[in-house]
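Novice: Can you keep this structure in mind? I'll have questions shortly.
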Amino acid sequence: MRERFDSDRWGHNWLYVIAARNVPTWAAQWAQGELSAADPADKPKLDRMNDYVSNVLARVW
């Protein structure tokens, strides 16, 4: 995970890195600004990643 965090691909953002553990392709698109909450096709992807990240953070905090 540290390597992903250090990579420019993930924007040095732990939320993207955590999401990438579950769905790396979508997380990369999210990190690069290619997904939009306004796009109905992207909403399920963003919801899944947000749910996963929330679940992971709830377990560690």
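The values are calculated or read from the model by the stated rules, or taken from the named source; none is laboratory data. Quantities reported herein were computed from a predicted structural model and do not represent experimental measurements. Ideal geometry is used to build each Cβ from the backbone, glycine not excepted, and the neighbour counts take in all protein chains shown. For the accessible areas, the whole protein counts, side chains as well, though only heavy atoms, and no ligand, DNA or RNA atoms are used. Shrake-Rupley method; radii C 1.70, N 1.55, O 1.52, S 1.80 Å.
Novice: Can you tell me the order of 21-30, 34-43 when each peptide is scored by its average per-residue count of other Cβ atoms within 10 angstrom, highest first?
Specialist: Ranking, from highest mean packing down: 21-30, 34-43.
Novice: Let me ask something else. How long are the three semi-axes of the equivalent ellipsoid of the chain, in whole Å, if each is the root of 5 times an eigenvalue of the C-alpha gyration tensor, listed from largest down?
Specialist: Result for the chain: semi-axes of 18, 15, 8 Å.
Novice: Where only protein heavy atoms count, and the probe is 1.4 Å, what is the accessible area per residue for the chain in Å²?
Specialist: That works out to 69 Å² per residue.
Novice: Same structure again: Given a 1.4 angstrom probe, I'd like the percentage of the accessible area of the chain that is carbon and sulfur, rounded to a whole number.
Specialist: Result for the chain: 50 percent of the exposed heavy-atom area is carbon or sulfur.
Novice: Between Ser36 and Arg9, what length in nm is gained on full extension when 0.36 nm per residue of separation is reduced by their alpha carbon distance?
Specialist: Additional length available on full extension: 8.0 nm.
Novice: Also: So, in nm, how far is label Val23 from label Val60 when the simple model puts each one 7 Å beyond its Cα toward the Cβ?
Specialist: For the pair Val23/Val60, the computed spacing is 2.0 nm.
Novice: Mean residue ellipticity at 222 nm from the helices of the chain, using -39,500 (n - 2.57) per DSSP H segment of n ≥ 4 over the full residue count, to the nearest 500 deg cm²/dmol? Write down the numbers at each step before the final one.
Specialist: On the way: 4 runs with 40 residues, N = 61.
When only DSSP H runs of four or more count, the value is -19000 deg cm²/dmol.
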